[in-house]
Amino acid sequence: MQNKVVEIIAGIFFSLMLIHPVECKAIKLSPETKISVLTCGLGDQIYSLYGHSAIRVKDPVIKLDIVFNYGVFSFNSGNFVYRFAKGQTDYMLAAERYSDFYRSYLSEKRSITEQVLDLTQNEEQNVWDFLVNNAKPENRVYRYNFFNDNCSSRIRDVFKQQTDGELIFKDKKGEGKTFRQYVTKYQKQIPWLDFSIQLVLGSPSDEIASAYNEMFLPEFLYKHFAGAKILKDGKERPFVKKQNILIKEEHHDISFLWKYSPEIFFCVLLLIILWFSFLEYKRGKKVYSIDYFLFIITGLIGFGMLWFVVFSEHPALRPNYNLLWAFPPNIIFILLWIIKKWRPCLKWYWPLLSVGLILFFIYRSKIPQSFCLSFYFIAGMLLVRSILHSLQLIEKITVNKDK
């Protein structure tokens, strides 16, 4: 309940920001101006799991202290959830007073670290003019893409374009991790959220992120900016002049007992299904209650993933090889299986599914996509049930031949 209240408050806050934004004008900055990048710590809410980045422009001479934030969106836009799922989410650049920005993060107990940049007066003016123009209603909206175009990567691109020289990053290779591994690092504190997102992420998420691509995450934008230099006329200067800790807060992981993790849950469920299936086989009984539940759930999951693959504009969602185990026709098959007169026509689905799942396990290392341990447990449940019914089918055929 508390989490929901916080999300509602955050939505109201962002909506009010859009209704009454800080008006920025094309003004001449003084030589005392300081432009910095603010890196905000992780939060406990879903929208704050990855941290945040923003640009601060402070000119004490003209009493200017503004934060430019590329991470603003409106809950009031029509069909927000549907548009987000479809990859048609529009984010925007908004300006707010630094004092308001600071208070909001202080209330959430999230850290803010400031990197003051070593820019010339001309570069500072270029950055300011660009941001003011970009924050205009006709320019501020952009199509959000989590891996390639978000609040962090936009800041990287602003300074790449507006510095009077070449912005060079010291680290060229990065950590050599995939996009999936990076997001898992932040999502693991909410295991079921990570489970859900892993379902829809396709094989493009398993591509290695370069050092440049790593900066889609605020933590890595901070890291690469810290070691960056500006090269002009054969001379280098550090990109970051100094660092200030504005709010120091230690982020605490959300408390989740080990028994609530998806891996433990599905492992226990697999063992239960394995035991009941063994008893069912020994007693020579045919019980389909487990199959109805399992096949309906995996079929629905499969159709959900298929929707993302076909209709979503998120490039990281297709192809999705989770469809090899969460097979959409499962739900159609099991609903038709309820009708007994159709079972003779459908009985070969069991061995075909068994073969398909066995091949999935054998060749999983050849598939260009990483799978969670939970997915193997779910696929194992399907395999246990399909093998059970395949064995019962073979025994029935053998008995009929003997007669």
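The values are calculated or read from the model by the stated rules, or taken from the named source; none is laboratory data. What you are looking at is a predicted structure, and each value in this text was computed from that prediction instead of being measured. In this analysis, Cβ positions are derived from the backbone assuming ideal geometry, glycine residues included, and neighbour counts consider all displayed protein chains.
Looking for something crowded, with 19+ Cβ neighbours inside 10 Å and either assigned to a helix (DSSP H, G or I) or in contact (Cβ under 8 Å) with a residue 24 or more places away in the chain (or both) - is there at least one such residue anywhere in the range 238-247? Yes, the range 238-247 has at least one match.
Residues in the range 72-108 that are within 23 Å of residue 157 (Cβ to Cβ), modelled with pLDDT of 90 or more and not hydroxyl-bearing (Ser, Thr, Tyr): 92, 93, 94, 95, 96, 101.
Quick check on the range 62-69. Is at least one of its residues in the same structural domain as residue 215 (by TED's automatic domain parsing), outside any helix (DSSP H, G or I), at pLDDT 95 or above and of a type in the set (Asp, Glu)? There is at least one residue in the range 62-69 that is in the same structural domain as residue 215 (by TED's automatic domain parsing), outside any helix (DSSP H, G or I), at pLDDT 95 or above and of a type in the set (Asp, Glu). I'd like the residue in the range 348-372 that is in contact with a Lys or Arg (Cβ under 9 Å, 6 or more places away or on another chain) and outside any helix (DSSP H, G or I) and, out of all such residues, is nearest to residue 202 (Cα to Cα). Residue satisfying both the conditions and the ranking: 369. For the range 266-283, the set of residues classified as touching a residue at least 60 places away in the same chain (Cβ under 8 Å) and either over 11 Å from residue 388 (Cα atoms) or not charged (D, E, K, R) (or both) consists of 266, 267, 269, 270, 273, 274, 277, 281, listed by residue number.
Pairs meeting the criteria (first residue in the range 102-114 and in the same structural domain as residue 45 (by TED's automatic domain parsing), second residue of a type in the set (Ser, Thr, Tyr), beta carbons under 6 Å, at least 6 apart or on different chains) are 112/105; 113/39; 114/36. Regarding residue 301, is this residue under 30 Å from residue 144 (Cβ atoms), surrounded by fewer than 17 Cβ atoms within 10 Å (Cβ to Cβ) and within 21 Å of the chain's Cα centre (by Cα)? Against the criterion (under 30 Å from residue 144 (Cβ atoms), surrounded by fewer than 17 Cβ atoms within 10 Å (Cβ to Cβ) and within 21 Å of the chain's Cα centre (by Cα)), residue 301 does not qualify.
Just one of the numbered conditions (1) farther than 22 Å from residue 207 by Cβ; (2) at pLDDT below 95 is not true of residue 336; which one? All conditions pass for residue 336, except number (2).
Filter the range 342-378 for residues that are of a type in the set (Gly, Ala, Ser), more than 20 Å from residue 300 (Cβ to Cβ) and surrounded by 13 or more Cβ atoms within 10 Å (Cβ to Cβ); which is farthest from the chain's Cα centre (by Cα)? Among them, the one singled out is 354.
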